[in-house]
Amino acid sequence: MSSRVLCFVSLLLCIFPAIAFALHLPLTLTHFDANDPSRDPYQILSYLASSSLARAHHLKNPQITATATSDATTTTPLFSHSYGGYSISLSFGTPPQILPFVMDTGSDFVWFPCTHRYVCKNCSFSPSSDQNVTIPSFIPKLSSSSRLVGCRNPKCSWVHHTNKTQCDECRNSLTPQNCTQACPPYFLLYGSGTTAGVALSETLNLGDRTVSNFLVGCSIFSSRQPAGIAGFGRGLPSLPTQLKLHKFSYCLISRRFDDSPSSSTLILDSTSDLDRKTNGLIYTPFIKNPIVRGKEAFQVYYYVGLRKITVGGRRVKVPHKFLSPGKNGNGGTIVDSGSAFTFMAREIFEPLAVEFVKQVKNYSRARDVEVLTGLRPCFDVKDMGKPVELPELRLHFKGGAEIALPLENYFAVVGEGMACLTVVTDGGVGGGKAVVGHSGPAIVLGSFQMQNYYVEYDLRNQRLGLKPQLCI
């Protein structure tokens, strides 16, 4: 299918015409929805577990195919949605066109659905809905600031994650210095979804400020990607890098497995003092990213140093090699806003699950619910008119930072009082045999575990700040 997509993208190139400031801005962050996969809570959990596993597989085995200083803090609303992502609205173009983007700390490219001919396959997750849904798209011909990125533009290499020139046609030209070849189309994989398009230089509008020549992808085809993606990872094309941010922070509102008008705030900050810590936050340093040939995406992730995991105060026996990334890129923990549930390698998950089962004495195991949801262990916690009591899950990080997760951050109570641990592992969905593999990060901390936490990515001082906070 990729060759058909790229041919399609290449044909659409003809529809385009030849075409440092300080920032402190709040933006709305919303839990993103693309039509509920189902109103059946068990099916919703099963969908989120499956998508989390697919996401983990992508993060652990990344593939990118392409022919393939004034006072300013910017904030935007951050909305949550039931299918698993959190979205923000960004404004591009002249005049501005506003579109939703899924915030993703596990990737580094910003792209939007583009042109009247945009096609998105399987972008509705509701079985009763048309699979080819209408999605808001950016229209380049309506913007006077839209320009195709040329193959000689250094930003073209950002798209394709290579230092090599992308000007194949220019090599055979009699006047290569005058070559006007466009940057080749991109084709990106996101675990369960894909997208393909061409690179644009466009104006990003943030409040009363504008950012010219912002690199953004104009996607003309997508699969299972119901909105654009704003990559917040470490790479050159990411939104934080292009805006030269000192830090960004957010607070994720609780997931209720439905669409909600509630939102929290995403803050983009390029004015912070060099070493000043935010009051009330506990910090853990970012761990140096592994450099692995062929796995350049590992350099995009935010690695943190997880020292140990405790359940009900008892230490879970985790092999040390899984806690830190090795020279081959295997092991370690990353924070990923694009994952719903946390992924753990089987060697970590199994002793964790065993410890929960061992300590839970007052509730019976709900194995039928485990089959329905693909999650385990699940317990029958209904009745008795008493609050649900399950062992505390605590994460211990380097630097002394500890997170005692609230119960709702690691157990989902659904149906008639059934509680399931919201952590997935290799081959764990529905008793299936999906293989995620041992390469890459051993733990991917998903957004479900970070809900109602204030999270600060201090990029200048290379550290992650955390504190529990009711996100409203």
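The values are calculated or read from the model by the stated rules, or taken from the named source; none is laboratory data. This one's a predicted model, so the numbers in the text were calculated from it and none came from an experiment. A quick note on method: Cβ atoms are made from the backbone with ideal geometry, for glycine too, and the neighbour counts reach across all protein chains shown. To get the accessible areas, we keep the full protein, side chains included, count just its heavy atoms, and leave off ligands, DNA and RNA. Shrake-Rupley method; radii C 1.70, N 1.55, O 1.52, S 1.80 Å.
Just the residues that are open to solvent by less than 70 Å² (accessible area, probe 1.4 Å) and at pLDDT 95 or above, please, taken from the stretch 381-409. Within the stretch 381-409, Leu390, Pro391, Leu393, Arg394, Leu395, His396, Phe397 qualify. Residue pairs whose Cβ atoms lie under 6 Å apart, separated by 6 or more positions or on different chains, with the first residue in the stretch 454-469 and farther than 10 Å from Lys247 by Cα and the second open to solvent by less than 30 Å² (accessible area, probe 1.4 Å) and outside any strand (DSSP E or B), are Gly465/Leu281; Lys467/Leu281.
Restricting attention to the stretch 136-194, the residues being at pLDDT below 90 and in contact with an Asp or Glu (Cβ under 6 Å, 6 or more places away or on another chain) number 2.
Number of residues in the stretch 242-277 that are assigned to a strand (DSSP E or B), modelled with pLDDT of 85 or more and of a type outside the set (Asp, Glu): the value is 10.
Lys358 falls short on exactly one of the conditions (1) surrounded by fewer than 14 Cβ atoms within 10 Å (Cβ to Cβ); (2) closer than 13 Å to Cys420 by Cα, and that condition is (2).
Select from the stretch 291-304 the residues that are out of contact with any Phe, Trp or Tyr (no Cβ under 7 Å at 6 or more places or on another chain) and assigned to a loop (DSSP other than H, G, I, E, B) and write down the one among them that is least open to solvent (accessible area, probe 1.4 Å).
So, considering only residues that are out of contact with any Phe, Trp or Tyr (no Cβ under 7 Å at 6 or more places or on another chain) and assigned to a loop (DSSP other than H, G, I, E, B), the one least open to solvent (accessible area, probe 1.4 Å) is Tyr301.
When the stretch 450-472 is limited to residues that are out of contact with any Lys or Arg (no Cβ under 7 Å at 6 or more places or on another chain) and polar (S, T, N, Q), the one that is least open to solvent (accessible area, probe 1.4 Å) turns out to be Asn452.
Within the stretch 196-228, the set of residues being of a type in the set (Ser, Thr, Tyr) and either surrounded by 22 or more Cβ atoms within 10 Å (Cβ to Cβ) or over 21 Å from the mean Cα position of the chain (by Cα) (or both) comprises Ser201, Thr203, Thr210, Ser212, Ser219, Ser222.
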